[in-house]
Amino acid sequence: MSILVVGSVALDTVKTPFGRVEEALGGSATYFSTSASYFTDVQVVAVVGQDFPERHVNFLKTRRVDLKGLERVPGGRTFRWEGFYDYDLNKAHTLKTELGVFETFHPEIPQEYRDAQVVFLANIDPVLQKNILAQVKAPRLVAADTMNFWIASKRAELLETLKLVDILTINDAETRELAGEPNLVKAARKIIGMGPKTLIIKRGEYGVLMFNGGSTFSAPAYPLESVFDPTGAGDTFAGGFMGYIASIMDWKDGNLRKALVMGSVMASFAVEDFSLGGISALDYPEIEKRFREFKRLSHFEDI
Ligand code: AMP
């Protein structure tokens, strides 16, 4: 089954202790769809300005990414994000967020996207997330992401969107901020009361934690020797997670666990290079190989 995603398509300026890129291809929808495209077809709803380089559009076309829903606004300016990471690569510091064409975006989704069964509301204005979802006739699985920027600036709107979401993927600081609760387990319980049935907490190099009904599952992050740029790790994780689920269309707990590891596999590739470099040209055997390594990483015998 294909996935419909709404999110940002961006030009990112990022500095890490290992280097810097200027106006590189980024955005939540970009990372998500590139990652998910290894598992299924992806339909993107987003907007870019006239300044968006054609080579980036061409790159996305080389993946299984349908760009009918990518609007280009004449004279408009593409969304830009600027940030940096210190040696603690788990924390992104935002220097600048320029919404550009997203400020006046009123998405009208293509007719052929309206039958989507699996929807991912990637990190973007929660009003846009809700607006897109309202145009989908009968979604069966809705997952979403968000970030501190929206939790702080559009909290009420975000809470409205969350009522319509089955699975929420956010990081640990965002979990605490959204719930207004420092303890992660208590915060998770509070967020599950806001709408989502499943909460996936991304914890950077410490892995991911999933609360799903009564079950809790933890997966490690792949211990990499060379991490260059964590930008996009969260969206790439979500792309692998949702891509795998959409390819089997069964979200029982055991499958969500496998999907969680698949997401972690994809994120581990993403952080090995700047921008989309780590996930632009993988092949499935490579992905499977790392999946098996993950299994060995945390496998142990019962006593
Ligand atoms: P992450 O997976 O959390 O590292 O997300 C990184 C991507 O999020 C970057 O490529 C940014 O372009 C994008 N981004 C940053 N801030 C925002 C925002 N406020 N809304 C939407 N996308 C954003």
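The values are calculated or read from the model by the stated rules, or taken from the named source; none is laboratory data. All of these numbers come straight from a predicted model, not from anything done at the bench. Neighbour counts are summed over all protein chains in view; Cβ atoms, including those assigned to glycine, are modelled from backbone coordinates with ideal geometry.
For region 1-41, the set of residues classified as within 12 Å of the ligand (Cβ to nearest atom), under 16 Å from residue 279 (Cβ atoms) and in a loop (DSSP other than H, G, I, E, B) consists of 7, 9, 27, listed by residue number. Somewhere in region 37-48, is a residue out of contact with any Ser or Thr (no Cβ under 8 Å at 6 or more places or on another chain), farther than 30 Å from residue 140 by Cβ and in contact (Cβ under 8 Å) with a residue 24 or more places away in the chain? No, region 37-48 contains no residue that is out of contact with any Ser or Thr (no Cβ under 8 Å at 6 or more places or on another chain), farther than 30 Å from residue 140 by Cβ and in contact (Cβ under 8 Å) with a residue 24 or more places away in the chain.
Does region 62-73 contain at least one residue that is modelled with pLDDT of 95 or more, under 17 Å from residue 13 (Cβ atoms) and over 18 Å from the mean Cα position of the chain (by Cα)? So far as region 62-73 goes, no, none of its residues is modelled with pLDDT of 95 or more, under 17 Å from residue 13 (Cβ atoms) and over 18 Å from the mean Cα position of the chain (by Cα).
Please tell me if residue 188 is within 16 Å of the ligand (Cβ to nearest atom) and among the hydrophobic types (A, V, I, L, M, F, W, C).
Spelling it out, it is not the case that residue 188 is within 16 Å of the ligand (Cβ to nearest atom) and among the hydrophobic types (A, V, I, L, M, F, W, C).
Out of everything in region 96-130 that is among the polar types (S, T, N, Q) and assigned to a helix (DSSP H, G or I), what residue ends up being nearest to the chain's Cα centre (by Cα)?
So in region 96-130, the residues among the polar types (S, T, N, Q) come out as 97, 104, 111, 117, 123, 129.
Those left that are additionally assigned to a helix (DSSP H, G or I): 104, 111, 129.
Details: 104: 23, 111: 24, 129: 13 Å.
Here the residue is 129.
Residues in region 219-230 that are more than 8 Å from the ligand (Cβ to nearest atom) and either more than 18 Å from the chain's Cα centre (by Cα) or surrounded by fewer than 24 Cβ atoms within 10 Å (Cβ to Cβ) (or both): 219, 220, 221, 222, 223, 224, 225, 226, 227, 228. When you look at residue 242, is it touching a strand residue (DSSP E or B) at 6+ places or on another chain (Cβ under 7 Å), under 13 Å from residue 31 (Cα atoms), modelled with pLDDT of 95 or more and assigned to a helix (DSSP H, G or I), yes or no? So residue 242 fits the description; yes. Restricting attention to region 231-258, report how many residues are of a type in the set (Ser, Thr, Tyr) and within 12 Å of the ligand (Cβ to nearest atom). Count: 2.
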